[in-house]
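Structure first, commentary second.
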């Protein structure tokens, strides 16, 4: 391959890699785990897996969680 072809291929692969990283970071998905829990992927490095009753309990607390976050905004970090 000519040097120009190699450089063009490298640029194409870098662009493709960047696109894949952005898709991975912005995609949140769910699936049922082997043990019957609900796993949410895409929030961090590892999935968050809870059983149905745990998700229901957590979702029922959503207003409390939002209030807690607002009250403690100065102490909480934001991941960018």
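Readers should treat all values here as calculations from the given coordinates under stated rules, not as data from a laboratory. Note that the structure is predicted; figures quoted are calculated from it, not measured. Reconstructed Cβ throughout: ideal geometry from the backbone, glycine too, with neighbour counts over all protein chains shown.
Arrange the following residues from fewest to most other Cβ atoms within 10 Å of their Cβ: 46, 68.
By the 10 Å Cβ count, ascending, the order reads 46, 68.
Okay, helix-only estimate at 222 nm for the chain: each DSSP H run of n ≥ 4 adds -39500 (n - 2.57), divide by all residues, round to 500 deg cm²/dmol; what do you get?
So the helix-based figure for the chain works out to -17500 deg cm²/dmol.
In percent, what relative contact order does the stretch 3-71 have, based on Cα pairs under 8 Å that are 6 or more apart in sequence?
16 percent
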